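The values are calculated or read from the model by the stated rules, or taken from the named source; none is laboratory data. Remember, predicted model here, so these are calculated numbers, not experimental data. Heads up, the Cβs are rebuilt from the backbone with ideal geometry, glycines too, and the neighbour counts pull from every protein chain shown. Side chains included, ligands, DNA and RNA excluded: accessible areas come from the protein's heavy atoms. Shrake-Rupley method; radii C 1.70, N 1.55, O 1.52, S 1.80 Å.
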Amino acid sequence: GLLNVGHVAFMLSGAYGLAITVDAGGSFWLGILVGILVSVVLGLILGGPTLRLRADYLAIVTISAGEILRLIVRSSWAEPLTNGVFGIQQFADSFFDLNPFSVNERYGIGDFEFQGRQLWVMVVGWGLVLTATALTWRLINSPWGRALRAVREDEDAVRSLGKNVFLLKLLSLMIGGAFAGLGGMLLAIEQQSVTPDAFLPRVTFFLYVIVILGGAGTIWGPVIGAIVFQFLFFLFDGFMREAQADGWFGDALDATDAQQVKLVLVGVGLMLLMALRPQGFFGRRAEQLVSND
């Protein structure tokens, strides 16, 4: 129930925690631990003074924190550590050294073919998705998770039962920060590069679209939502490229403008979804109405 609009800050902290550790001479696996730890600590630092705020004020604080962190990372002051706007590259060689697939071969069926490097990232990525999903399911169905769901529905009722609502929120923010940090690290590993401008606020917006598509308050909803969002994003991207190349828009739109229209189409699709099925694909409307009340 936390309106955290600063997920990108946790992704950035995880990615840079890994990259800076390796760039400074540490091992890749130490960098993974540092990235997770930095993301958890960021949740503690960010949550301590802000979780008592109302939802809309919390959103303002978290999105501001994400942008402040990005600007600090790209500043000349932090350049000796982060390499400023140029970022850090080639820090995931140890990860790709474990690749069991040949980088010179292509794997797949028909048009669905992937290079060995891509397939390795996909296997590890989906392994992390399944692990995180299983852990989330276990947490939600634990006594702690049931208390957390109760906080989402009615904080006062939970507080009246003697539960520490603030601590429950803080722990959830720290755990979510660890998940986001892992996502940021995987993104950086796949690209073998981490730059501050890869973590713009719109990344958090995309994440919220994914959650809304799949259904907030569900376990598998965001996973399916991510697949659908990525499919639609590239579908609109390919459609606009072909339409612009074929001259559908004449001189009204150039190639750059046509690429921006895909974001408009995604926004329109989200508006229709909110109007026709606000609970998403897998969300329960009754639960959503309780939350809204």
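Using the 1.4 Å probe convention, the accessible area of the chain works out to 57 Å² per residue with neighbouring protein chains retained. For region 114-171, the share of accessible area belonging to carbon and sulfur comes to 66 percent (1.4 Å probe, ligands and nucleic acids excluded). Modelled this way, with points 7 Å down the Cα-to-C-beta line, the labels at residue 96 and residue 33 are 2.6 nm from one another. In order along region 154-166, phi translates into HN-Hα couplings of 7, 4, 4, 5, 5, 5, 5, 8, x, 7, 8, 5, 4 Hz, rounded to whole numbers, per the Karplus curve 6.51 cos²θ - 1.76 cosθ + 1.60 with θ = phi - 60° and x for Gly and Pro. I want to verify the translational diffusion coefficient of region 136-293 in µm²/s; compute it with Stokes-Einstein, Rh as the Kirkwood radius over Cα pairs, at 10 °C and 1.306 mPa s. It diffuses with D of about 86 µm²/s by this estimate.
Ranked by the mean number of other Cβ atoms within 10 Å of their residues, highest first, the peptides 189-195, 23-29 fall in the order 189-195, 23-29. Rounded, prolate or oblate: which one fits region 143-202, using the alpha carbon gyration tensor with axes a ≥ b ≥ c (rounded when a/c is under 1.5, else prolate when a/b beats b/c, else oblate)? Since a/c reaches 1.5 and a/b is larger than b/c, the shape of region 143-202 is classed as prolate. Solvent-accessible area of region 3-42 (1.4 angstrom probe, protein heavy atoms only): carbon and sulfur portion equals 79 percent. Packing-based ranking of 84-93, 213-222, 42-51, 159-168 yields 213-222, 42-51, 84-93, 159-168, ordered from highest to lowest mean Cβ neighbour count within 10 Å.
In order along region 226-233, the Karplus-derived 3J(HN,Hα) couplings, from 6.51 cos²θ - 1.76 cosθ + 1.60 at θ = phi - 60°, round to 5, 5, 5, 4, 5, 4, 5, 4 Hz, and Gly and Pro are given as x. Structural descriptor for the chain: relative contact order 24 percent, calculated from alpha carbon pairs under 8 angstrom and at least 6 residues apart. What the Cα convex hull of region 54-135 gives, in volume per residue, is 203 Å³. For region 136-172 and region 63-98, compute the distance between their C-alpha centroids and round to whole Å. Taking the Cα centre of each part, region 136-172 and region 63-98 sit 35 Å apart. Rounded to whole numbers, the Karplus 3J(HN,Hα) couplings from phi for region 196-213 are x, 6, 7, 10, 6, x, 5, 4, 4, 4, 4, 4, 5, 4, 4, 5, 5, 4 Hz, using 6.51 cos²θ - 1.76 cosθ + 1.60 with θ = phi - 60°, and x at Gly and Pro.
Can you give the relative contact order of region 1-81 as a percent, counting alpha carbon pairs under 8 Å and 6+ residues apart? Worked out over region 1-81, it gives 40 percent. In this rough spin-label picture, where each label sits 7 Å from Cα along the Cβ direction, the residue 163-residue 142 distance is 1.4 nm. With each label modelled as a point 7 angstrom along the Cα→C-beta vector, the residue 131-residue 150 pair spans 3.2 nm. Highest-first packing order for the peptide set 173-179, 123-129 is 173-179, 123-129, based on the mean count of other beta carbon atoms within 10 Å.
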